[in-house]
Amino acid sequence: MPVEPPATRWALPPAGAAADGEVAGIGADLEPGTLLAAYRSGLFPMRTRPRGPVAWWSPDPRGILPLDGLHMSRSLRRSRGHFEIRVDAAFVEVMRGCADPRRPHGWIDESFVDAYSELHRLGWAHSIEAWTTTPDGDLLAGGLYGVAIGGLFAAESKFHRVTDASKVALAALVDILRDGGASLLDVQWTTPHLMSLGARDVSREEYLQLLEHALARPLPTAFGGP
């Protein structure tokens, strides 16, 4: 089971404080207790600019992927057979794949890698990985990471080195959550890519209702739940 860290020393803003529909507040830290308090209240951290202060985001609308709404194309179904799925086998490597500075709009810096690696050590942050076999050995082909609290999985970022690898990891995550009794997969914002996979927008008010319900559910066993 995850280990509860010391409580945050900060009074984080309520999710509804994001008057512009995006940022609820700026500042605080990335300690485990702060991160968990944020996710439990509907916030997530991201810098507004490289090396800028941490901002606490509460977009309205909010992107979610319904666990019964994943769109599986025939090509994606075929691709699933080409990868082995592992959970938490290479968490830091997944984060560094997502943080690759060559990727457009990169925002994950070393402070985030350190913070979520500690959250992973405590049992709250997890990676879903798609592996493939090459003549040189196993290759991490792609994956994603996020935070699991009860029946919530807050997906943070994904990457791929092989075509369809991140999609396969996402499909595996949906299976894990659905089979484990979870109810909410938060993807923060919808994009055309995510919408093609079944993601949709909900209002902040609806998201917070879904969050309250999800937090009351048990953690899936794949992430250390009962």
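A compact table of results
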{"quantity": "Value of [θ]222 nm, deg cm²/dmol, for the chain, DSSP H segments ≥ 4, -39500 (n - 2.57) each, nearest 500", "calculated": "-9000 deg cm²/dmol"}
{"quantity": "Rounded to the nearest 20 debye, dipole of segment 128-195 from Cβ charges on Lys, Arg, Asp, Glu", "calculated": "180 debye"}
{"quantity": "About the Cα centre, charge dipole magnitude for the chain (Lys/Arg +1, Asp/Glu -1 at Cβ), debye", "calculated": "500 debye"}
{"quantity": "Relative contact order (%) - criterion: Cα under 8 Å, at least six apart; region: the chain", "calculated": "24 percent"}
{"quantity": "Relative counts (whole %) of C-alpha pair distances in segment 15-57, using bins that are 10 Å wide", "calculated": "32, 56, 12"}
{"quantity": "FRET efficiency, Glu84 to Arg121 (Cβ-Cβ, R0 22 Å, nearest 0.05)", "calculated": "0.35"}
{"quantity": "Taking N as its residue count, the alpha carbon Rg of the chain over 2.2 N^0.38 Å", "calculated": "0.97"}
{"quantity": "Gyration tensor verdict on segment 105-168 (Cα atoms; rounded if a/c is under 1.5, prolate if a/b is larger than b/c, oblate otherwise)", "calculated": "prolate"}
{"quantity": "Cα gyration tensor, segment 1-132 - rounded (a/c under 1.5), prolate or oblate", "calculated": "prolate"}
{"quantity": "Pairwise centroid distance, computed over Cα atoms, of segment 128-170 with segment 209-226, Å", "calculated": "21 Å"}
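A short reminder: the numbers here are calculations on the coordinates, not readings from a lab. Everything numeric here is computed off the predicted structure, so don't read it as measured data. Counting neighbours? That spans all protein chains shown, and the Cβs are built from the backbone with ideal geometry, glycine included.
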